[in-house]
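**Student:** Questions regarding the structure given below will be posed in turn.
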Amino acid sequence: MNTPTQDTVADSYASHVLGNYGPQSCQLVRGEGIYVWDAEGRRLMDFGSGIAVTSIGHSHPHWVAQVQQQAGKLVHCSNLYQHSGQAKLAKRLCGYAGKGKVFLCNSGTEANEALIKLARLHGKRKSGAEGKCYKMLTAEKAFHGRTFGSMAATPQEKIQGGFRPMLEGFAYGKFNDVESFAALVDDSVAAIMVETIQGEGGIHAATPEFLQGLRKLCDEHELLLLIDEVQCGIGRTGAFFAYKQSGINPDAIGMAKGLGGGVPIGAVWLRDEHAGLFHPGSHGTTFGGNPLVCAAANAVLDVIEEDTLLQKVATQSQSWLKRLQGLKQTFPNLVAEVRGQGYMVGIALRVDHLPIINRLRQRGLLVIPTAGQVIRLLPPLIATAEQLDEAADMLEVALSEYNQEAGCA
Ligand SMILES: *Cc1c(COP(=O)(O)O)cnc(C)c1O
């Protein structure tokens, strides 16, 4: 039964909130750790993390204390002035990525816009003139964001449809197929950008050979290799950056989602040798890297480091993944494939995934759909082995109920 306040909220959504999202399944009022509570007071396990955002769970005491303290001290000052939080965060991100420089922005798509601008500056440096070498190669099934540059980098009809003409200068290779990228390289190409694990595309991981092959291709043709870790980065796979497992050195990295633990922050790291391409006035943001979001991001990194979450995600995910992979044997008619790394898992179904996702929510587990009938699991990095198992139990029950009902029908 809907409570009156719930109806009021739903009515206001219907009347006043732009309908650019599908109908929302429930209203949330509170979060703590891996749990959220809906407007009816029901507790749900949040295995979507607000699309890979609430990386240390909801209202983590350390995060709350740091954000509250900063809110009472200095929230915003613009990039006309220095503040300690940005200095600390940039240094820490370089500690994970390598010798380089960091630019802070407000979202994943903005991080990628900065990467696209970096590619153009590199092309100008390489060719000696503006407008001769400016193209970027990205992958089929990629997702890089919704602003015009990132949208052009995202070759999906559902993203680009209705908004053409696209920004020019993009071409698309096949994911995990170096040759298809090599075939697109000519003097007008400046960079290649890929996700280490495609999240919106259905949880498809780049193979180490693919990333190594792209690195070689980029080296041969003096192209930048840009890695979009907006979804798979910041510890989600058990490594701080997922690309690390392939041993490659990217020229630049885009990050966002999990970095702020819930506040809007994006970041770009670029190698020192490219840092000189940007000079005062060449790029900027009013809000980016303000004291509040930097305090939040520094608190996320504190928790990841102090609670050794990378190691925990790497070890605890192994038996969980094995167990989830067993769903394919238990429900061969429903489960086509289970794939992923760490706390980023996709369960590809042979049937419509939405009824099962609804069923899981009714049982108390929030998960997220993604392309190709895939149920996406993105638990917060603080999820324990027991909590992972509990979610797997719920999945088993939901799938077996689905089968029983289909059998009775
Ligand atoms: C979500 C996502 C983006 C876009 O991030 P926004 O913060 O929504 O702009 C870009 N790249 C990848 C890989 C993503 O998953």
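The values are calculated or read from the model by the stated rules, or taken from the named source; none is laboratory data. The shown structure was predicted, so the numbers you read here are calculated from the model rather than taken from an experiment. Using ideal geometry, Cβ is built from the backbone for each residue, glycine included, and neighbour counts are taken over all protein chains shown.
**Student:** Give the number of residues within the stretch 189-204 that are closer than 15 Å to Cys218 by Cβ, out of contact with any helix residue (DSSP H, G or I) (no Cβ under 6 Å at 6 or more places or on another chain) and more than 11 Å from the ligand (Cβ to nearest atom).
**Tutor:** So the answer is 1.
**Student:** Tell me the residue from Ile192, Ile159 that is closer than 26 Å to Ala206 by Cα, among the β-branched types (Val, Ile, Thr) and surrounded by fewer than 22 Cβ atoms within 10 Å (Cβ to Cβ), please.
**Tutor:** Ile159 is the lone residue from the list that is closer than 26 Å to Ala206 by Cα, among the β-branched types (Val, Ile, Thr) and surrounded by fewer than 22 Cβ atoms within 10 Å (Cβ to Cβ).
**Student:** Can you tell me which residue in the stretch 244-292 is nearest to the ligand (Cβ to nearest atom), limited to those that are under 23 Å from Val64 (Cβ atoms) and in a helix (DSSP H, G or I)?
**Tutor:** It comes out as Lys257.
**Student:** Provide a single number: the residues in the stretch 224-243 that are under 18 Å from Gly100 (Cα atoms) and more than 11 Å from the ligand (Cβ to nearest atom).
**Tutor:** Matching residues across the stretch 224-243 total 7.
**Student:** Is there a residue being away from the ligand (no atom under 16 Å from the Cβ) and in contact with an Asp or Glu (Cβ under 7 Å, 6 or more places away or on another chain) anywhere in the stretch 174-181?
**Tutor:** yes
**Student:** Now a separate question. Six or more apart or on different chains, Cβ atoms under 6 Å: show the pairs whose first residue is in the stretch 285-300 and farther than 15 Å from Arg92 by Cα and of a type in the set (Phe, Trp, Tyr) and whose second is in a loop (DSSP other than H, G, I, E, B) and at pLDDT 95 or above.
**Tutor:** Matching pairs, first to second residue: Phe287/Asn106.
**Student:** Here is a follow-up. Can you find, within the stretch 120-160, the residue that is nearest to the chain's Cα centre (by Cα) among those that are among the basic types (Lys, Arg) and farther than 19 Å from Glu110 by Cβ?
**Tutor:** Among them, the one singled out is Lys141.
**Student:** Oh, and also: From the list Gly202, Gly213, pick out the single residue that is outside any helix (DSSP H, G or I) and more than 19 Å from Ile116 (Cβ to Cβ).
**Tutor:** Gly202
**Student:** Considering only residues that are farther than 13 Å from Ala391 by Cβ and without any contact (Cβ under 8 Å) to a residue 60 or more places away in the chain, which ones fall in the stretch 358-381?
**Tutor:** Scanning the stretch 358-381 gives Arg359, Gln362, Pro369, Gln373.
**Student:** Select the helices (runs of 4 or more DSSP H) contained entirely in the stretch 304-378, then report the ones holding at least 3 residues which are buried (at least 16 other Cβ atoms within 10 Å of the Cβ).
**Tutor:** Helices (runs of 4 or more DSSP H) meeting the threshold: 309-325, 353-363.
**Student:** So if I check each of Leu366, Leu378, which one is more than 13 Å from Leu354 (Cα to Cα), at pLDDT 95 or above and under 20 Å from the mean Cα position of the chain (by Cα)?
**Tutor:** Just one listed residue meets the conditions, Leu378.
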